[in-house]
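Since the structure comes first, as structure tokens, the remarks are kept for the end.
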């Protein structure tokens with residue numbers, strides 16, 4: 001008998017929290033919840049959850065700190081942030097801390113369920129990737145999520161490594177945004193997913209691997225086709 005998938009919902013607004021619990025119980029998931037930041041962190045660290053839905057604005061401790069503290073002990077825990085903050089800077093901050101995806105409020109329940117299913121699918125399937133990845137003079141240890149460029153160490157999130165590895169595996173051609181959403185994020189092809197997470201991850205990666213982010217030479221945009229990773233020196 002298959003184990004029931006467990007989701008932790010950390011959300012302080014009771015109508016939203018109750019609604020999410022009802023929706024995911026209906027879809028066959030086992031749900032636990034928390035209405036405050038400290039309780040959410042405690043449950044996240046002591047329970048075994050397949051995914052955490054994490055609001056950012058919480059009493060006692062915000063979602064950013066919770067995500068950061070989860071990542072300090074578990075780099076692979078799937079996390080989706082729920083946020084009313086939709087500026088690039090705020091979204092980048094959450095993704096930089098290691099969130100797998102973000103869903104802006106107000107959100108479509110159908111979209112949220114699709115996003116949850118995609119993240120769960122990716123966490124189960126995983127992705128074959130080399131232990132090391134070389135991009136110019138940057139050497140990356142994909143298992144330890146870190147790279148070295150000369151004497152400088154560069155830290156990456158698990159999702160950033162997955163993006164780089166997929167682009168490296170297909171470095172002879174540009175990879176479209178839709179393909180990245182499908183192969184890295186696990187979304188079914190053809191779905192109308194409202195997310196800028198690919199663009200934000202590309203921008204984050206350029207800050208880490210490029211000498212000049214205004215004139216990228218390693219992670220380039222091919223107009224009308226997508227992104228291509230140039231791995232040679």
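Using DSSP, restrict attention to beta bridges with both residues in the chain and report what percent are antiparallel, rounded to the nearest 5. Could you put the intermediate results ahead of the total?
Numbers: 16 of 33 bridges.
About 50 percent, rounded to the nearest 5.
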Next on the checklist: Can you tell me the orientation of helix 197-209 relative to the chain, as the angle in degrees between its alpha-carbon axis and the longest Cα principal axis, to the nearest 10?
Outcome noted: 50
Item to check | Angle between the chain longest axis and helix 158-169 axis [Cα atoms, degrees, rounded to 10] | outcome: 40
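How would you classify the stretch 6-125 from its alpha-carbon gyration tensor, with a ≥ b ≥ c the square roots of the eigenvalues: rounded for a/c under 1.5, else prolate if a/b is greater than b/c, otherwise oblate? Before the final figure, lay out the partial values.
On the way: a/c = 1.16, a/b = 1.12, b/c = 1.03.
In terms of gyration-tensor shape, rounded.
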Next on the checklist: Over the chain, with a Gaussian network built from C-alpha contacts below 10 Å, which listed residue (217, 72, 84) shows the highest mean-square fluctuation?
Outcome noted: 72
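P(r) tail for the chain, what percent of Cα pairs lie past 26 Å? Before the final figure, lay out the partial values.
Values: 10132 of 27028 pairs.
For the chain, the share of Cα pairs beyond 26 Å comes to 37 percent.
Express the relative contact order of the stretch 132-229 as a whole percentage, based on alpha carbon pairs under 8 Å and six or more residues apart in sequence. Mind showing how you got there, number by number?
Details: 105 pairs, mean separation 24.4, N = 98.
Computed value for the stretch 132-229: 25 percent relative contact order.
Every number in this text was worked out from the coordinates using simple rules, so none of it is lab data. It should be emphasised that the depicted structure is a prediction, and the values quoted were computed from it without experimental measurement.
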